[in-house]
1. Quick test of your reading of the structure: HIS311 fulfils all but one of (1) surrounded by 14 or more Cβ atoms within 10 Å (Cβ to Cβ); (2) at pLDDT 90 or above; (3) more than 29 Å from VAL227 (Cα to Cα). Name the failing condition by number.
2. So how many residues does segment 427-474 have that are without any contact (Cβ under 8 Å) to a residue 40 or more places away in the chain and touching a Phe, Trp or Tyr at 6+ places or on another chain (Cβ under 6 Å)?
3. Exactly one of these conditions fails for VAL227: (1) more than 30 Å from ASP294 (Cβ to Cβ); (2) surrounded by fewer than 21 Cβ atoms within 10 Å (Cβ to Cβ). Give me its number.
4. Return a yes/no flag: does segment 145-166 have any residue that is in a helix (DSSP H, G or I), in contact with a Ser or Thr (Cβ under 6 Å, 6 or more places away or on another chain), buried (at least 17 other Cβ atoms within 10 Å of the Cβ) and touching a residue at least 12 places away in the same chain (Cβ under 8 Å).
5. Only one residue in GLY421, GLY371, GLY362 is among the small types (Gly, Ala, Ser), at pLDDT 95 or above and assigned to a loop (DSSP other than H, G, I, E, B). Which one?
6. Among the residues of segment 170-180, is there at least one that is assigned to a helix (DSSP H, G or I), of a type in the set (Gly, Ala, Ser), surrounded by fewer than 21 Cβ atoms within 10 Å (Cβ to Cβ) and under 17 Å from the mean Cα position of the chain (by Cα)?
7. Please specify each residue of segment 103-138 satisfying the condition of being small (Gly, Ala, Ser) and more than 24 Å from ILE204 (Cα to Cα).
8. Taking the condition among the acidic types (Asp, Glu) and under 16 Å from the mean Cα position of the chain (by Cα), does ASP351 pass?
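The values are calculated or read from the model by the stated rules, or taken from the named source; none is laboratory data. As the structure is a prediction and not an experimental result, all values here were calculated from the model. Cβ atoms come from the backbone with ideal geometry, glycine included; neighbour counts cover every protein chain shown.
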Amino acid sequence: MTIALEGVFFFVQIHTEPSLGTFFFFTSFVFFQEMLPWLCLQRDMRGVTRGLKTEATSLFWKGCFIFLLTLNLLSMLMVFFFGFESLLDDDPAYGFGVDPTRADYIRCVGERLLVDPTTRRLGGNNGTDVIPLMVVPLMLDLMDFRRMMCNINVPIRLLVLVQNGREAMLSLYLQELERVYGWSGRLVVSRHPENIGYSAAVNIGLRLALSLPREEVPFVFVTNSDVEFSPDLLPNLLRDVHEMTRHDAARMDELAAEVANEPSEYSPVLRRGLRVLRSTVNGSRLSTSALLPDRIRYATVKEREKAFSKHYGNFCAYYKGTCFTSVILTRLAISTVGYFDENFYPAYVEDFDYSLRLRLLGFQERNVLYGKFVHRSNYNIRLSNKVELPDALWYRRVRSLSANDAYAMMKWNRPRACCGGYKEPYDGMVPLDVWVKDEARIQRIRAYGHDEEQGVPKVEYDRTLLYPVRTKGR
C-alpha cells in the first residue's frame, strides 16, 4: 500500500515531464527503496552459523547501504538534468504557495508587461486597470519575487527592479529578464552590489516616476516580494486609486506655480533672497520634496495638517498589518512629502518615518477592505539567519548594530511606532520633507557588514549636517 501511494505521489509530481525515462526511474527508485528493508530482513533469517551470519549480514548491509546511496545520487543527477522546477509546476493559476518554473517566471513577467518576446509586439497599457510604475527592492528574495510576479493579475506599465547586494542566482535571473524584455522599455533593472539600502532602492523608482509625465505615472506601487494577492484585490485597489485621486492633478498645478515664484513672504527671513531649499535629482546629500511650498513647509503643525486633508496619500493593500508592505503612493504625496529617508540603513523603520510625515501634511490613508493578502513578514531577516550566503552574512552583521533605532531616537525621540516622542521630525528643527544623508555613517555600517571595520562602528548620525537647513536655533 505504501509503495502504491508513493508511486502515485511521484506520478502526480512528474506527469507533466516529457521524459518517460524520468518517470520510470523515479518509480523504480521508490519501489527498491521500499523493498530493500524487506529483502534485508529475509537475509537475516537464513539458517547459518553465528559466525557466518555475522560476517554475511555485515557485508550484505554494507551492500544495501551503498546501493541506496547510489540510487539517491542517481536521483539527484536525474533531477538536475531533467529539471527540478517541473515538479513544482502543478497549477497554471499560481495560487497561494505554488512555485512557478523558470520558464513560467520569465513568461509571467512578459504577461504583466504586455510584451511578446517572440514577435516583439507591445500590448496597449493605457487603461485604468494598469499599475503605472511598480518598484520592487530585491536582495535575498528571488523565489518569493518569482512567485509574486506570477501571482499578480494586472498589467504593469513600467517595472523597476532594484538589486541590493551580489546574490548570484538573483543576478542571473535579472540578466535573463533584461535579455528577454530589456528592449521593450518597460523594464528597468538597477544593480547595487554595495547595497544602498531599502530606502535608496525605493527612491530610485520614485525619482524615475517624477521624471516621467504625470499622465503616465499618476501613482507608484511599492511592494516587498514576499507577498501574494487574491485575484480581486489589485483590480479593486487600482479602481479606488483612480477614483479617489482625480483631483490631484489640479492641486499639483497650483503647487508648481507657487514653488516657481519662491522665495516668497512665507520663506524664513534668513532665506529670503537666497537659494530656495530645493534639492535636485542628482544633487548633493540634501533631499527635499519637489512641490511643497514654503507657505506649507514652514506653517504651524495645525495649519499643515489641513493642507492635504482632502487628498489620499497612500493606499494600503494590507489593512491588518504594516501598510508599507505593499503600498500605492500618489504622485501628489511623493511630490510634497519627499523621498524615503536613506539614513534608515539598510532597512526597516523608514516606513514608520514616511507614514508620520504623510500624517503631518494631513494626507488620508485608504485601507483595502476586500480580497485576501498574504505576507511572509521579515523574509530577509529570517532567511539571513538560515543561510550562509555572503549577502546573508553581511545583513546579519549589519542588523546587529540596531543603527536604525539609534537614528529614529534622534529624529523622532522614539525607536519605532511607539507612543510619545516628537510631534515633528528633529523636534521641529528641520522641515518634514527634508533630510540630509550621512554618507560617512552609512559607509561605516557597510564596512562593518563586510568585516572590514575593526570593532563596533559609531552609528550615531552627524547632527552638524542639519545645521544649514535648520529652521530653529539659528
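1. (3)
2. Residues meeting the conditions: 0.
3. It fails just one condition, (2).
4. yes
5. GLY362
6. First pass over segment 170-180, keeping only residues assigned to a helix (DSSP H, G or I): 170-180.
Pick out the ones that are also of a type in the set (Gly, Ala, Ser) and you get 171.
Subsequent filtering for residues that are surrounded by fewer than 21 Cβ atoms within 10 Å (Cβ to Cβ) retains 171.
Still in the running and under 17 Å from the mean Cα position of the chain (by Cα): 171.
Yes, some residue in segment 170-180 is assigned to a helix (DSSP H, G or I), of a type in the set (Gly, Ala, Ser), surrounded by fewer than 21 Cβ atoms within 10 Å (Cβ to Cβ) and under 17 Å from the mean Cα position of the chain (by Cα).
7. We begin by selecting, within segment 103-138, every residue small (Gly, Ala, Ser); these are 103, 110, 123-124, 127.
Residues satisfying the conditions are ALA103, GLY123, GLY124, GLY127.
8. Considered against the rule, which asks whether it is among the acidic types (Asp, Glu) and under 16 Å from the mean Cα position of the chain (by Cα), ASP351 comes out as yes.
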